[in-house]
């Protein structure tokens, strides 16, 4: 695709979890829904306003997908699909995928926030959160949870985990369902493929899964959900 959007240099000052700022040759910004730069500290869409060195010209045999994925929102502006912010000192931060964001009763929350809340419980090894269509809330939160060794799966524990999320994020974001699984579907770079989790729940086509490291995880999750 090209080089990194954000990159520190060995001589630059850093803060914890920051990527410092734009890499060489990158004209990037953080925009709000109105297509204008956000205020310092505000979270918005990571965008690139000009072509960069070595920029890809398309997706092989699928030019329409390339246009829809990166160029459809604002004319001649690359929308990367990540939430970002810039603090008052000029340090840049990434906050997860914007296309994974859930809208629960009119309130937005990122899956990473839900997963971080679950991580506070001592029984949780890791988790993946997705939004599932809900007639009342618009979207309901489902959490797929991998427990630590020797921890028993119980309805009581599931209720405790849901309460843990609501305590950290608010009652509106209490998960509607906790699903215990052996492992989560991941890419070879260890990223959780949340769209595959969501598609498995809804019985939809998850799209291209050629980069999935452990496709058997989805088969096991179907069984955990009571599917074929």
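The values are calculated or read from the model by the stated rules, or taken from the named source; none is laboratory data. These figures come from a predicted structure and were not determined experimentally. Positions of Cβ are generated from backbone atoms using ideal geometry, with glycine treated the same way; all protein chains shown enter the neighbour counts.
Here are the numbers for the structure shown:
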| item | result |
| --- | --- |
| Search result, residues across region 138-150 that are surrounded by fewer than 21 Cβ atoms within 10 Å (Cβ to Cβ) and either in contact with a helix residue (DSSP H, G or I) (Cβ under 8 Å, 6 or more places away or on another chain) or within 19 Å of residue 225 (Cβ to Cβ) (or both) | 139, 140, 146, 147 |
| Where residue 65 falls short, out of the listed (1) surrounded by 12 or more Cβ atoms within 10 Å (Cβ to Cβ); (2) touching a residue at least 12 places away in the same chain (Cβ under 8 Å); (3) more than 25 Å from residue 116 (Cα to Cα) | (2) |
| Per-region count, region 125-138, residues assigned to a loop (DSSP other than H, G, I, E, B) and in contact with a strand residue (DSSP E or B) (Cβ under 7 Å, 6 or more places away or on another chain) | 1 |
| Residue 90 over 30 Å from residue 176 (Cβ atoms), touching a residue at least 40 places away in the same chain (Cβ under 8 Å) and exposed (fewer than 13 other Cβ atoms within 10 Å of the Cβ) | yes |
| Scope region 179-212; condition at negative phi, more than 18 Å from the chain's Cα centre (by Cα) and free of Cβ contacts under 8 Å to residues at least 60 places away in the same chain; matching residues | 179, 180, 181, 182, 204, 205, 210 |
| Filter result (touching a strand residue (DSSP E or B) at 6+ places or on another chain (Cβ under 6 Å) and outside any strand (DSSP E or B)) within region 1-13 | 5, 8, 12 |
| Hey, residue 163 closer than 20 Å to residue 105 by Cβ, free of Cβ contacts under 8 Å to residues at least 24 places away in the same chain and either part of a strand (DSSP E or B) or out of contact with any strand residue (DSSP E or B) (no Cβ under 6 Å at 6 or more places or on another chain) (or both) or not | yes |
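Rundown of residues vs (1) assigned to a helix (DSSP H, G or I); (2) surrounded by 14 or more Cβ atoms within 10 Å (Cβ to Cβ); (3) assigned by TED's automatic domain parsing to the domain that holds residue 144; (4) in contact with a helix residue (DSSP H, G or I) (Cβ under 6 Å, 6 or more places away or on another chain), yes/no style:
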position	(1), (2), (3), (4)
168	yes, yes, yes, yes
172	yes, no, yes, no
178	no, yes, yes, yes
182	no, no, yes, yes
195	yes, yes, yes, no
198	yes, yes, yes, no
201	yes, yes, yes, no
204	no, no, yes, no
207	no, no, yes, no
